[in-house]
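Worksheet: the structure to be examined is printed underneath.
The values are calculated or read from the model by the stated rules, or taken from the named source; none is laboratory data. Just so we're clear, the structure is a prediction, and the values are computed from it rather than from any experiment. We place every Cβ from the backbone using ideal geometry, glycine too, and count neighbours over all the protein chains shown. These area figures cover heavy atoms from the full protein model, side chains too; ligands, DNA and RNA do not enter into them. Shrake-Rupley method; radii C 1.70, N 1.55, O 1.52, S 1.80 Å.
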Amino acid sequence: QVQLVESGGGLVQAGGSLRLSCAASGRTFSTYNVGWFRQAPGKEREFVAAISWSGSGIYSADSVKGRFTISRDNAKNLVYLQMNSLKPEDTAVYYCAANRAVPPGTLPHRYDYWGQGTQVTVSS
């Protein structure tokens with residue numbers, strides 16, 4: 001069982017940066033892949049980035065490549081999403097999720113555990 005809690009969201013101007021954190025409970029967190037997803041009002045939940053349990057596999061959506069970076073610290077049970085050059089279209093609730101699938105995947109249904117989400121709002 002893994003419990004996930006996101007933090008770090010907020011209001012930022014276009015071009016600014018935020019770093020989201022996903023804190024996990026559970027002794028086996030280091031064996032789980034973690035993905036970040038986002039959902040804007042009226043839209044489906046979409047994949048943002050994922051990192052394998054070891055950190056060796058990193059996957060990013062084309063819309064965020066070059067701007068967002070995912071990383072993890074297994075010693076601290078944390079996964080980060082560094083978001084730079086933010087755009088108004090990045091506005092959404094951001095969720096972290098965990099699974100043990102190989103590869104982690106980009107579809108929400110492949111993930112078994114989810115956090116409650118954190119709001120990111122980018123003003124123009």
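Report in % the part of the accessible area of region 1-92 that belongs to carbon and sulfur, leaving out ligands and nucleic acids; probe 1.4 Å. Spell out each step's value before the answer.
Details: 2250 of 4700 Å².
That fraction is 48 percent.
Its Cα centre serving as origin, the chain has a Cβ charge dipole (Lys and Arg +1, Asp and Glu -1) of approximately 200 debye. Between G42, G105, G26, the residue with the greatest mean-square fluctuation in the GNM of the chain (Cα pairs under 10 Å linked by springs) is G42. When K87, K76 are compared by accessible area of protein heavy atoms, the largest-first order is K76, K87, using a 1.4 Å probe. Across the alpha-carbon set of region 22-64, the Rg to Rh ratio works out to 1.05, Rh being the Kirkwood radius.
Output the relative contact order of region 1-111, whole-number percent, from Cα pairs under 8 angstrom with separation of 6+ residues. Walk me through the intermediate numbers first.
Details: 227 pairs, mean separation 36.9, N = 111.
Over region 1-111, the number comes to 33 percent.
Working with all protein chains in place, sort D112, D62, D90 by solvent-accessible area computed with a 1.4 Å probe, largest first. Walk me through the numbers before you get to the answer.
Numbers: D112 100, D62 125, D90 0 Å².
The residues order as D62, D112, D90, largest area first.
Using alpha carbons only, how many angstrom separate the centre of region 81-112 from the centre of region 1-80? One Cα centre to the other: 6 Å.
State in Å² the accessible area per residue of region 22-78; use a 1.4 Å probe, count heavy atoms of protein chains only, and round to the nearest integer. Can you show the working numbers first?
Details: 2970 Å² over 57 residues.
Dividing the accessible area of region 22-78 by its residue count gives 52 Å².
For the chain, the spread of Cα positions along the three principal axes, ordered from largest to smallest, is 41, 26, 25 Å.
Its relative contact order, with pairs defined as Cα atoms under 8 Å and 6+ residues apart, puts region 83-124 at 55 percent.
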